[in-house]
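Trainee: Structure below; questions to follow.
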Amino acid sequence: MPPFSSRLVVRNLVTIADAAPFSFGVGAGECLALLGNRGAGLSVVADALAGQRPLLDGNVTVGGIDVSGRPPLTRMCGLWGARDPLFAHLTVFQNLLFPLRVRGIARAEAADRARQSMALLGLEGLAHVRPAALDAEQVLRAGLARVMVCAPPVIVLDDPFAPLPADRRVAMRNFVGRLIRARDLCVVMATCDRDDALVVGDRIAFFDGSQHLQTGTAADLFDRPACDRVATGFAGANALTGRVSYIEEDVAVIRLPDGLAVQAMAAPGLMEDSLCTVCVRPDRIATLFPARPGAMGSIAADDGEPAMLPAVLVDMRHMGTYIRMRMRLSNGEELLVRRPPLQIVCGVEPGRPALLAWQAGQAIAFPFRHEMR
């Protein structure tokens with residue numbers, strides 16, 4: 001089988017009307033995960049990269065060659081997804097032969113490449129089986145083999161793990177990740193599942209609908225989100241609305257409703273005496289359950305110490321590796337908190353008063369978006 005090695009560069013890509021253009025590059029042995037909350041919009045991007053639909057703007061180059069106007073057969077971008085099923089009337093082996101014969105590959109070479117592709121994807125023994133007799137994982141492996149048998153410089157995967165049951169989804173994420181690195185594949189993968197993106201993707205392009213918000217490593221999106229929608233949609237952060245009292249050395253002091261005060265790092269564009277959205281991840285919130293009711297209260301953030309916000313535990317769920325707690329502040333807003341199981345004291349149950357706090361560096365205050373609900 002020919003080697004896989006290339007680089008995909010996309011500049012100012014527009015696939016949906018009124019969507020802002022975005023650019024990215026992916027090299028050999030890398031995967032860029034397109035992660036969003038609307039699979040149809042991501043599928044449009046996948047189709048556009050593979051030449052299944054025209055670009056509204058921008059250009060696509062593979063190995064320095066502009067392929068923006070090429071049809072799928074000569075696009076150098078192979079596409080696989082649940083919308084591209086195997087041919088039901090053909091065996092697995094025949095499914096792999098078909099794209100090679102369409103490209104004019106000699107019968108003997110095509111058969112040899114098909115056998116290599118089946119071996120690479122663990123399909124030995126299934127050569128003469130038709131798709132109806134395959135399970136979901138075998139269908140995925142066969143689909144990947146059908147794409148890889150043509151050795152495209154770029155592979156585009158459209159939500160490939162969606163049909164799999166949960167346990168096999170975990171295994172196939174790891175398998176595909178190893179395959180990308182071992183075979184130097186240049187891969188773009190669209191998915192609506194964050195774990196898919198985290199396990200397989202080297203970098204992640206995060207979308208809200210058709211709008212691209214940020215591209216970066218997982219650490220970038222978790223710790224340095226570009227806006228509140230990345231912080232909440234990707235990192236699962238809590239969002240609180242407040243007004244900026246003042247900003248000193250990039251630390252903002254924010255007054256929440258009812259006068260509660262918290263600190264957060266000031267995002268670019270944040271102004272004093274303006275509304276803002278404070279984003280803090282559930283695992284960054286410290287929790288204290290006072291033994292005496294008289295210990296309840298709040299310490300103002302102006303003192304240079306983290307604010308201690310009075311709250312009441314509304315719900316608590318054991319999630320295996322962490323405890324998820326839903327806390328209600330005195331102003332009625334609710335926060336999610338995640339703590340290790342060993343940090344939860346005995347006797348803690350819904351209705352128990354608590355104090356919540358976080359360091360300024362563990363939260364970010366973004367300028368308020370008027371359309372935010």
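Trainee: Which of Ala151, Ala20, Ala226 ends up with the largest GNM mean-square fluctuation for the chain, with Cα atoms connected below 10 Å?
Mentor: Ranking Ala151, Ala20, Ala226 by mean-square fluctuation puts Ala20 first.
Trainee: Given +1 on the Cβ of Lys and Arg, -1 on the Cβ of Asp and Glu, and no further charges, what dipole in debye does region 16-77 carry about its Cα centre, rounded to the nearest 20?
Mentor: On the way: 4 positive and 5 negative charges, 32 e Å.
Result for region 16-77 is approximately 160 debye, rounded to the nearest 20.
Trainee: Angle check, please: helix 107-120 long axis (alpha carbons) against the longest principal axis of the chain (alpha carbons), in degrees 0 to 90, nearest 10.
Mentor: So the helix axis and the longest Cα principal axis differ by about 30 degrees.
Trainee: Just the number, please: percent antiparallel of the DSSP beta bridges in region 102-234, rounded to the nearest 5.
Mentor: 55 percent
Trainee: In what order, largest first, do His318, His212, His128 sit by accessible area if the probe radius is 1.4 Å?
Mentor: Numbers: His318 120, His212 50, His128 155 Å².
Highest to lowest solvent-accessible surface, that is His128, His318, His212.
Trainee: Also: Could you derive backbone 3J(HN,Hα) for region 26-33 from the dihedral phi with the Karplus parameters 6.51, -1.76 and 1.60 (θ = phi - 60°), listing whole Hz in sequence and x where the residue is Gly or Pro?
Mentor: 9, x, 5, x, 10, 10, 9, 9
Trainee: Please calculate the 1.4 Å probe accessible area of Phe98, with all protein chains present, and give it to the nearest 10 Å².
Mentor: Only protein atoms counted, so the area is about 90 Å².
Trainee: A further question on this structure: Asp315's amide H: which non-local residues (gap 5+, or another chain) put their own amide H closer than 5 Å, with H modeled 1.01 Å from N in plane and none for Pro or chain starts?
Mentor: Arg326
Trainee: A follow-up question, please. Taking the 0 to 90 degree range and rounding to the nearest ten, how far is the long axis of helix 92-102 tilted relative to the main principal axis of the chain, both from C-alpha atoms?
Mentor: With both axes taken from Cα atoms, the answer is about 70 degrees.
Trainee: Follow-up. Students sometimes get this wrong: rank Val62, Val9 by accessible area, probe 1.4 Å, all chains present, largest first.
Mentor: Val9, Val62
Trainee: Towards the positive end of the charge dipole of region 176-254, with charges on Cβ (+1 Lys, Arg; -1 Asp, Glu), say which of Ala226, Ala190, Ala205 has the farthest Cα.
Mentor: Sorting the options by dipole projection puts first Ala190.
Trainee: Evaluate the relative contact order of region 1-100 (contact order divided by residue number), counting alpha-carbon pairs under 8 angstrom at least 6 apart; express in whole percent.
Mentor: Relative contact order for region 1-100 comes out at 26 percent.
Trainee: How large is ³J(HN,Hα), in whole Hz, for each residue of region 63-70 in order, when computed from phi with the Karplus curve 6.51 cos²θ - 1.76 cosθ + 1.60 and θ = phi - 60°, using x for Gly and Pro?
Mentor: Each residue's phi maps through the Karplus curve to give x, x, 9, 6, 10, 3, x, 7 Hz.
Trainee: Please list, ordered by chain and number, the residues whose modelled amide H lies under 5 Å from the amide H of Gln214; skip anything fewer than 5 residues away on the same chain.
Mentor: Under 5 Å from the amide H of Gln214: Phe206.
Trainee: Right, here's the next one. Of Gly78, Cys31, Ala19, which is farthest on the positive side of the dipole of region 1-112, counting Cα position, with +1 on Lys and Arg Cβ, -1 on Asp and Glu Cβ, and the Cα centre as origin?
Mentor: Of Gly78, Cys31, Ala19, it is Gly78.
Trainee: Keeping every protein chain present and rolling a 1.4 Å probe, give me the accessible area per residue for the chain in Å².
Mentor: Working: 17110 Å² over 373 residues.
Ligands and nucleic acids excluded, the result is 46 Å² per residue.
Trainee: Then there is this: Can you work out the Karplus-derived ³J(HN,Hα) for every residue in region 138-145? Use 6.51 cos²θ - 1.76 cosθ + 1.60 with θ = phi - 60°, whole Hz, and x for glycine or proline.
Mentor: Using θ = phi - 60°, the values come out as 5, 4, 4, 4, 5, x, 4, 4 Hz.
Trainee: Tell me the carbon and sulfur percent of the accessible area for the chain, rounded to whole percent, probe radius 1.4 Å. Don't jump to the answer; show the numbers that get you there.
Mentor: Numbers: 8960 of 17110 Å².
Answer for the chain: carbon and sulfur cover 52 percent of the accessible area.
Trainee: Among DSSP bridges having both ends in the chain, what percentage is antiparallel? Round to the nearest 5.
Mentor: The antiparallel proportion sits near 75 percent.
Trainee: Quick one: helix 166-182 against the long Cα principal axis of the chain, what's the angle to the nearest 10°, folded into 0 to 90?
Mentor: 70 degrees
Trainee: Dimensions of region 41-90 along principal axes (Cα, Å, largest first)?
Mentor: The principal-axis extents, from largest down, are 37, 23, 14 Å.
The values are calculated or read from the model by the stated rules, or taken from the named source; none is laboratory data. No experiment lies behind these values; they were computed from the predicted model shown. For neighbour counting, all protein chains shown are included, and Cβ atoms are generated from backbone atoms with ideal geometry for every residue, glycine included. Side chains included, ligands, DNA and RNA excluded: accessible areas come from the protein's heavy atoms. Shrake-Rupley method; radii C 1.70, N 1.55, O 1.52, S 1.80 Å.
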